[in-house]
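The values are calculated or read from the model by the stated rules, or taken from the named source; none is laboratory data. Keep in mind that this is a model prediction, so the values were computed, not measured. Cβ placement follows ideal geometry from the backbone for every residue including glycine, while neighbour counts extend to all protein chains displayed. All accessible areas refer to the heavy atoms of the entire protein, side chains included, with ligands and DNA or RNA removed. Shrake-Rupley method; radii C 1.70, N 1.55, O 1.52, S 1.80 Å.
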Amino acid sequence: MKNTGIILLAAGNSSRMGTAKQLLSYRGKTLLDRTVDTAIEAFDRDHIILVLGANHNEIASKIENKNVQISINDNWQSGMASSIKVGLEALIKQFPDMEHCFISVCDQPFLTSEIFMEMFQLKENSNKEIIAARYSDTIGVPTLFSKKYFEVLMELSGEQGAKKIIQRSMQDVETFEFEKGAIDIDTKVDYENLKSKE
């Protein structure tokens with residue numbers, strides 16, 4: 001995927017889970033290891049930024065040696081916007097020629113490298129500047145933004161995620177069907193349901 005980077009958001013404190021969901025195990029790997037490995041299959045390692053925040057020392061120490069850059073968001077409590085900005089700043093500094101950027105999370109266990117590649121191909125085949133995953137009658141992550149939106153992403157604040165930009169730019173959005181994207185792990189019930197399907 002030419003001139004394309006990815007920000008992996010994993011800075012939250014998993015308050016609804018009660019433990020760091022990044023480190024929950026599924027099919028022999030933590031959710032975070034699964035996500036990072038998936039990104040490595042699709043992107044150059046230099047084009048991946050992993051954003052950590054809450055419990056970052058514990059989480060970073062348990063990531064297997066992936067050789068991807070970790071950026072710490074000390075302001076993670078202010079909401080997702082700060083993590084997007086930390087990640088985008090780091091990625092632009094590391095990858096100044098970047099033309100497109102994915103934003104993704106670490107708690108979608110059915111995310112695959114093929115999904116990233118198919119979303120990028122959809123971007124190439126459409127005239128749209130945003131490609132967003134669609135599932136359960138909503139749109140969300142992973143989302144691919146062209147450079148046109150980098151400045152707008154940097155202006156997000158508080159709990160605002162990238163969805164706000166998507167919703168106000170629908171004329172510039174193409175969606176990608178990712179039915180299993182609806183399966184994310186926010187609560188112990190979510191995790192037990194996932195484990196029951198192993």
Exercise for the section: Starting from the stretch 165-185, take each residue that is aromatic (Phe, Trp, Tyr) and list its partners that are in a helix (DSSP H, G or I) and at pLDDT 95 or above, counting only C-beta distances under 8 angstrom and pairs at least six apart or across chains. Expected result: Phe176/Ile115; Phe176/Glu118; Phe176/Met119; Phe176/Leu122; Phe178/Ile115
Problem - Residues (closer than 15 Å to Phe178 by Cα and either among the aromatic types (Phe, Trp, Tyr) or in contact with a helix residue (DSSP H, G or I) (Cβ under 7 Å, 6 or more places away or on another chain) (or both)) located in the stretch 125-141 - result: Ile131, Ala132, Ala133, Tyr135, Ser136, Ile139, Gly140
Handout entry: Residue list for the stretch 38-92, restricted to those being touching a Phe, Trp or Tyr at 6+ places or on another chain (Cβ under 9 Å), farther than 24 Å from Val152 by Cβ and part of a helix (DSSP H, G or I)
Key = Thr38, Glu41, Ala42, Asp46, His56
Fill in the blank from the handout: Over the stretch 13-37, the set of residues open to solvent by less than 50 Å² (accessible area, probe 1.4 Å), assigned to a loop (DSSP other than H, G, I, E, B) and out of contact with any strand residue (DSSP E or B) (no Cβ under 7 Å at 6 or more places or on another chain) is Ser14, Met17
Exercise for the section: Among residues belonging to the stretch 66-95 that are farther than 14 Å from Ile7 by Cα and within 17 Å of the chain's Cα centre (by Cα), point out the one that is modelled with the lowest pLDDT. Expected result: Lys66
Problem - Failed condition for Met98, given (1) under 26 Å from Val173 (Cα atoms); (2) in a loop (DSSP other than H, G, I, E, B); (3) at pLDDT below 95 - result: (3)
Exercise for the section: Taking Cys106 as meeting all but one of (1) out of contact with any Asp or Glu (no Cβ under 6 Å at 6 or more places or on another chain); (2) farther than 30 Å from Gly28 by Cβ, write down the number of the exception. Expected result: (2)
Exercise for the section: Please enumerate the residues belonging to the stretch 170-192 that are closer than 28 Å to Gln77 by Cβ and either surrounded by fewer than 19 Cβ atoms within 10 Å (Cβ to Cβ) or modelled with pLDDT of 90 or more (or both). Expected result: Gly181, Ala182, Ile183, Asp186, Thr187, Lys188, Val189, Asp190, Glu192
Exercise for the section: Name every residue in the stretch 119-137 that is of a type outside the set (Gly, Ala, Ser) and in contact (Cβ under 8 Å) with a residue 40 or more places away in the chain, in order of residue number. Expected result: Met119, Phe120, Leu122, Lys123, Lys128, Glu129, Ile130, Ile131, Arg134, Tyr135
